[in-house]
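The values are calculated or read from the model by the stated rules, or taken from the named source; none is laboratory data. If you're wondering where the values come from, they're calculated on a predicted model, not measured in any experiment. Positions of Cβ are generated from backbone atoms using ideal geometry, with glycine treated the same way; all protein chains shown enter the neighbour counts.
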Amino acid sequence: MMYSKLVLQHFIHPKNQGRLKNPDGVGIVGNPTCGDIMTVYIKVKKDKKGNEKISDIKFETLGCAAAIATSSMVTQMAMGKKIADAEKITRQDVADELQGLPSAKMHCSNLAEEALKRAIEDYRSKSRKEPKRPIGSKKHQRRTRKKK
Ligand code: FES
């Protein structure tokens, strides 16, 4: 199996590898056939215009060279992007950026964009659910005390 130079570079020196503290979104994808598993962590910040952008991103991948290289590449591609643009990244985009992937690895290992999409979904569902006033805030406590 022949890997491109870029795949080997990202495998040997992966970018953005690790875990983020207090991520805004987490996406996990596994391949049950080979047991590879990828986790993508994102932080999202709004810019002055109100666009939600990926301000930080990291990955943890237990898997083959291609799985690590695609994870590394997708984090590089998504860093700093609006989340609406980041979720448009496709498997083919990731493979193209890596100067191609062996066809056997295209569907087996190229799961990183899915992990990114799940992290964005997770961020969205959390921001929807977030209470307007956190439980335990002063106003909440005051109200609770009045009821007694
Ligand atoms: S061998 Fe299946 S994802 Fe790497």
**Fill in**
Scanning the stretch 64-118 for residues that are away from the ligand (no atom under 16 Å from the Cβ), of a type in the set (Val, Ile, Thr) and crowded, with 24+ Cβ neighbours inside 10 Å gives Thr75
**Asked** From Asn22, Asn31, which residue is among the polar types (S, T, N, Q) and in contact (Cβ under 8 Å) with a residue 40 or more places away in the chain?
**Response** Asn31
**Request:** Report, by residue number, each residue of the stretch 39-74 that is among the basic types (Lys, Arg) and farther than 15 Å from Ala119 by Cβ.
**Result:** Lys46, Lys48, Lys49
**Request:** Go over the candidates Gln99, Gln76 one by one and state the one that is touching a residue at least 60 places away in the same chain (Cβ under 8 Å) and at positive phi.
**Result:** Gln99
**Asked** Which number in (1) at pLDDT 95 or above; (2) more than 19 Å from Tyr3 (Cβ to Cβ); (3) of a type in the set (Gly, Ala, Ser) marks the one condition that Ser72 misses?
**Response** (2)
**Fill in**
Within the stretch 43-97, residues being within 16 Å of Gln9 (Cβ to Cβ), more than 13 Å from the chain's Cα centre (by Cα) and not in a loop (DSSP other than H, G, I, E, B) number 9
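Okay, residues lined up against (1) closer than 10 Å to Leu111 by Cβ; (2) surrounded by fewer than 15 Cβ atoms within 10 Å (Cβ to Cβ); (3) touching a Pro at 6+ places or on another chain (Cβ under 8 Å):
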| position | (1), (2), (3) |
| --- | --- |
| Asp24 | no, no, no |
| Met38 | yes, no, no |
| Gly50 | no, yes, no |
| Ile54 | no, no, no |
| Ile57 | no, no, no |
**Asked** Which of the residues spanning the stretch 23-45 are within 16 Å of the ligand (Cβ to nearest atom) and among the acidic types (Asp, Glu)?
**Response** Asp36
